[in-house]
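Data first, discussion second: the structure below is written as structure tokens.
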Amino acid sequence: MPVDNPCAPVLLLSTSMIEENGIPTKRARNDEYEHLFNMVVEVPPWTNAKMEIATEESLNPIKQDVKDGKLPYVVNIFPHKGYIWNYGALPQTWEDPHLKDKSTDCCGDNNPIDVCEIGSKVLSHGDVVHVKIPGILALIDQGETDWKLTAINVNDPEASKFHDIEDVKKYKPGYLEATLNWFRFYKIPEGKLENQFAFNGEFNNKAFALKVIKSTHECCKALLMEKCDGGAINWTNVQVCDSPFHCSKEEARSLVESVSFSLNKGNNEEDQVWHFLGK
């Protein structure tokens, strides 16, 4: 499923504040429009298949990678079935693995920023939706900073209620605690240790989240202009015309048409297994 380059073909800012030439407007209509972003959905809620933007492949398709000869799935840890949100990423962001974050004292995980969308609608693989960002969680995964944005689809019936992290606590009580526990424990059935968090596992607010988005967006822009080392990441894109990795829409279409795609229709037994963790 070819969708986007994490830093280019899908814009970071929502079209609500994009001019025809692709340049953000100097002044948003109001604070809500100023802080809308595009989210690329990788995994719908209540599913287990671990789908990810394949950053090392041309045009970065969303796919389920084979690891150790197996397709990866997240396990069911009672009471949660698979993922508990629409899970995805913000395009045009990059957590630099060579840059130590001052607030976490760890370098980035070499990926776009992850997003946990908490709206009521079940989205699909590859959907691109406009979201508001009330807050952010700082997961430390195997010594790397792995930011997790809390977001809500602007078309959600309750979207107008959510402006900052306190609104999530007020209108969706228990959701942040469930998110924290999900990330803390999801690797334990694999024999791994609990994940750790910066800020003692507290969610930071909208203002802090926007600073993180801006910082990782700047890192991504540097990569697209070949001003830093992106390693094996493939930066082919159709949006940033002056990028050395730019390709035309016709070239992109040819790349997509040259690749064969198949959906995994097999049943994964782990989907039906439940894990119960003791204290």
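The values are calculated or read from the model by the stated rules, or taken from the named source; none is laboratory data. Computed from a prediction, not measured in an experiment: that's the story for all the values here. All Cβ positions, glycine included, derive from the backbone under ideal geometry; neighbour counts span all protein chains shown. Side chains are part of the model used for accessible areas, which takes the heavy atoms of the whole protein and leaves out ligands, DNA and RNA. Shrake-Rupley method; radii C 1.70, N 1.55, O 1.52, S 1.80 Å.
With only alpha-carbon pairs counted, each pair once and no self-pairs, how large is the Kirkwood hydrodynamic radius of the range 33-233 in angstroms?
17.2
Hey, which of these cross-link pairs are over 25 Å Cα-Cα: LYS63/LYS148; LYS170/LYS192; LYS50/LYS227?
Listed pairs above 25 Å: LYS170/LYS192; LYS50/LYS227.
Out of the total accessible area of the range 154-258 (probe 1.4 Å, heavy atoms of protein only), what percent is carbon and sulfur?
Answer for the range 154-258 is 50 percent, counting heavy atoms of protein chains only.
State to the nearest 20 debye the size of the charge dipole of the range 33-233 about its Cα centre, where the only charges are +1 on K and R beta carbons and -1 on D and E beta carbons.
On the way: 22 positive and 30 negative charges, 101 e Å.
For this selection, approximately 480 debye.
Give the cross-link partners of LYS172 among the lysines, using a straight C-alpha distance below 17 Å as the criterion and excluding same-chain residues fewer than 8 apart.
LYS172 reaches LYS121, LYS132, LYS161, LYS206.
What value does the range 126-224 have for Rg/Rh, both radii from Cα atoms and Rh as Kirkwood defines it?
A ratio of 1.00.
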